[in-house]
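Each remark here refers to the structure printed beneath this line.
The values are calculated or read from the model by the stated rules, or taken from the named source; none is laboratory data. Just so it is clear, the structure is predicted and the values come from calculations on it, not from any experiment. Reconstructed Cβ throughout: ideal geometry from the backbone, glycine too, with neighbour counts over all protein chains shown. All accessible areas refer to the heavy atoms of the entire protein, side chains included, with ligands and DNA or RNA removed. Shrake-Rupley method; radii C 1.70, N 1.55, O 1.52, S 1.80 Å.
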Amino acid sequence: MKHVKISLWVMLMIAVLASAVRVPLSIQEDAKQDQSSSSPYRGKQFTVYSHPVTMEYGQVHNTFQKAVPLPEEVVKDFAGGNMVITGYQNDVVEFDSEGNPIGSIPLYDCYLHHYGAILGSSEHFAEFYDEMTSNSVPVSEGGPGDDFGLHSSYRGSSAGHMNMKHIQALYKGFLRRKGKGGAGAGGGGSGAEERHTLHSYPAPYALEAGEINSLMPFMHLINTRGSVTPGEGYSKMAECICSSDRVFDIKNGTIDGKRPNIAFSCNLELLAQKNPSCSLETYEHGFRCCEDKWYVSEPAERAQHKDSTANFGMKFTFYYEPATPETVTLRAPGCCDVTGNISHTGQIEYDIPQCKEGEECIHKAVTYQYIDLPHKGGGSGPFGPGREFHDGEEIDIVYAAGHLHLGAEGALGISLYKDATDELLCKSTPVFGEGTEPGNEKGYVVGMTPCIFGGKGMLAPPRLRRNDVVRIEAFYDSTQPHYGVMALWLMQVADVPKDLKQSVALQE
């Protein structure tokens, strides 16, 4: 199907040039291509697979897995802690009955809602896994980076409901509490768009890794095999349907006897719109009905699709190289979620009500947040690892990509502005599939255009103070209603050394 790949590549290139206004052509390469001289990935690479997960029709997997060992030669390379991660690529795969990977599978068979992958020590991971899959995760006493607003009654197999920035911060918080070393590098945060979203950091930027020997996967997968005809749109189960299995107790604020895994904390705009996602009383469908081992299908449907049971999982590929004195390490900032505001990070998801007759059928959500301040109140807690703020501190934005849901019937794009000057920092737009093969599924978002800065021949990274306010604008098609959508920014920033000047001119 060579002509299909070329068509998708051309579409991605056009979307990049039209949206990632700060990103020169030289770094725009499709992440699906093989490692070659023209690849945007640099350094050596290694690949590992998650454990296979047996899933029935409409069943959800939404939890951490036990650590997977890295190849022996890779562990030797990372001994001494002098290696850094320069990029990553990941895929959704199927396994046979013996646990052997078969190959990539289309999103209409297994929908990737989101995922995370932490690189670290098997010794640390064993204890971390026990915390994440039990009710023993400590409730934060106000220190940033450890709690994330998870209800103490909901610590357990789905405690890792958050995006990758939350997951990394949870692990680093664990290391901090236990007095353990290790940087805990990783990748992830995106979902269905993963295959064609470029995750590569230009030299001299990279993620700190430390001495690592294992990978701990976190996957949110939904078995949607047989729910739609390939090429005729996305499965509604991808919106995390609240099936008749769910028991809502409005008086006690619970679903199936437990507090929802994300506290209800919409910003004022969504509250004014009476968005159904903002309270349990009005909640219809979404992430709070997508817990591990739950079903987003009806019992009668499951009985009719017993042959849809399959073994799914993920393939993780990382690129790495030795650190040098010039290497600049990256981290995730505290921003951004369009459901949050200045005082809290947000509740991750919201609904898109159907437009009324005569209205323009585009739903626009807007909010304002600090680019990189730890949040102390409300919402799902701080995105970043919890860093103290000192006046005058600055960051450079090196990587930014949006995370949106659904497909051609829903996601339209997301923009990030420096609010004080109305400067467009990045616009990330979805790439839609055109066919039926994995990575090109019609009706699905199969990629998001990123903005990447700071490498050779690129524009200099936008520099902001950590307490600068940014504006997030997200757009969805509202011809039909949609539930549990997200509008997040997945970013990597570099801290600016205090001895550097406050600003730097853009490279032409």
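From VAL75, VAL48, grab the single residue that is crowded, with 16+ Cβ neighbours inside 10 Å, at pLDDT 95 or above and not in a strand (DSSP E or B).
The match here is VAL75.
Hey, among the residues in region 332-352 that are open to solvent by 30 Å² or more (accessible area, probe 1.4 Å) and in contact with a strand residue (DSSP E or B) (Cβ under 7 Å, 6 or more places away or on another chain), which one's farthest from SER279 (Cα to Cα)?
Taking region 332-352 as the starting set, the residues that turn out to be open to solvent by 30 Å² or more (accessible area, probe 1.4 Å) are 341-343.
Within this subset, residues satisfying the condition of being in contact with a strand residue (DSSP E or B) (Cβ under 7 Å, 6 or more places away or on another chain) are 341-342.
Details: ASN341: 17, ILE342: 20 Å.
Residue satisfying both the conditions and the ranking: ILE342.
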Extreme residue, least open to solvent (accessible area, probe 1.4 Å), among residues of region 444-457 that are of a type outside the set (S, T, N, Q), at pLDDT 95 or above and assigned to a loop (DSSP other than H, G, I, E, B):
PHE453
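Being over 17 Å from ASP495 (Cα atoms) and open to solvent by 20 Å² or more (accessible area, probe 1.4 Å) is the filter here; which residues of region 458-468 pass it?
Going residue by residue through region 458-468, those that are over 17 Å from ASP495 (Cα atoms) are 458-459.
Of everything in region 458-468, just one residue is over 17 Å from ASP495 (Cα atoms) and open to solvent by 20 Å² or more (accessible area, probe 1.4 Å), namely LEU459.
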Just name the residue that is farthest from PHE218 (Cα to Cα) out of those in region 86-111 that are acidic (Asp, Glu) and either outside any loop (DSSP other than H, G, I, E, B) or open to solvent by less than 10 Å² (accessible area, probe 1.4 Å) (or both).
GLU94
Of the residues in region 302-323, those that are of a type in the set (Ser, Thr, Tyr) and either more than 30 Å from GLU98 (Cα to Cα) or part of a loop (DSSP other than H, G, I, E, B) (or both) number 2
For LEU425, only one of the following conditions fails: (1) touching a strand residue (DSSP E or B) at 6+ places or on another chain (Cβ under 9 Å); (2) open to solvent by 10 Å² or more (accessible area, probe 1.4 Å). What is its number?
(2)
Kindly provide the set of residues from region 112-134 that are open to solvent by less than 30 Å² (accessible area, probe 1.4 Å) and not aromatic (Phe, Trp, Tyr), ordered by number.
LEU112, HIS113, HIS114, GLY116, ALA117, ILE118, LEU119, GLY120, SER121, HIS124, GLU131, MET132
Kindly indicate whether any position in region 283-296 is out of contact with any Lys or Arg (no Cβ under 9 Å at 6 or more places or on another chain) and either without any contact (Cβ under 8 Å) to a residue 12 or more places away in the chain or polar (S, T, N, Q) (or both).
no
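Each row is one residue, and each column tells you yes or no for (1) out of contact with any Asp or Glu (no Cβ under 6 Å at 6 or more places or on another chain); (2) of a type in the set (D, E, K, R).
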residue	(1), (2)
GLU193	yes, yes
ARG225	no, yes
VAL228	yes, no
LYS236	yes, yes
CYS240	yes, no
PHE248	yes, no
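Here are some residues: GLU360, GLU326. Which one is among the acidic types (Asp, Glu), within 30 Å of ILE212 (Cα to Cα) and part of a loop (DSSP other than H, G, I, E, B)?
On the way: GLU360 fails: within 30 Å of ILE212 (Cα to Cα).
Selected residue: GLU326, the only one of GLU360, GLU326 that is among the acidic types (Asp, Glu), within 30 Å of ILE212 (Cα to Cα) and part of a loop (DSSP other than H, G, I, E, B).
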If a residue must be in contact with a strand residue (DSSP E or B) (Cβ under 8 Å, 6 or more places away or on another chain) and at pLDDT 75 or above, how many such residues does region 176-198 contain?
10
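Which is open to solvent by less than 10 Å² (accessible area, probe 1.4 Å) and hydroxyl-bearing (Ser, Thr, Tyr), of TYR319, TYR370? Can you show your working first?
On the way: TYR370 fails: open to solvent by less than 10 Å² (accessible area, probe 1.4 Å).
From the options TYR319, TYR370, the qualifying one is TYR319.
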